[in-house]
């Protein structure tokens, strides 16, 4: 037995109850914190959910290295969407059905680079229309 400050003696059974209550409290706090933080995690794999056309692709330099921070403009007569490649040089987005591949003119650009090649390809036939847009850029030569 142990004496609690000014509260009398507590036995082993009471100590076990207190430890269990503390463990339950810590577990409850962990569950609340982890479930709250999970609500705000962005998952790029979910970017193509719902109706629309999935546009995806990459930007590379003329040596084949993927380029992060490349702006990819996907536009038609009515709408424009500006996407930026991630740290791995890739992008993906679910765009409205109005952005039909035959009406879209994609462009890629990055400060200090010039475009060498741009390609737009329809993905495989399936339940969702997909369009792959890839571009190759090279360092702009001064002079």
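No lab work stands behind these numbers, since they all come straight from the coordinates. Just so it is clear, the structure is predicted and the values come from calculations on it, not from any experiment. Please note: Cβ atoms are built from the backbone with ideal geometry, for glycine as well, and neighbour counts cover all protein chains shown.
Using the count of nearby Cβ atoms within 10 Å as a rough guide to exposure, how do 14, 87 rank from fewest to most? Please list the in-between numbers first.
Values: 14 13, 87 8.
The fewest-first ordering by Cβ neighbours comes to 87, 14.
State, as an integer percentage, the relative contact order of segment 45-139 based on alpha-carbon contacts under 8 Å between residues 6 or more apart. It would help to have the intermediate numbers written out before the result.
Working: 216 pairs, mean separation 32.9, N = 95.
Reported as a whole number, the value is 35 percent.
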| note | residue 12 and residue 114 label points (each 7 Å along its Cα→Cβ direction) are spaced in nm at 8.5
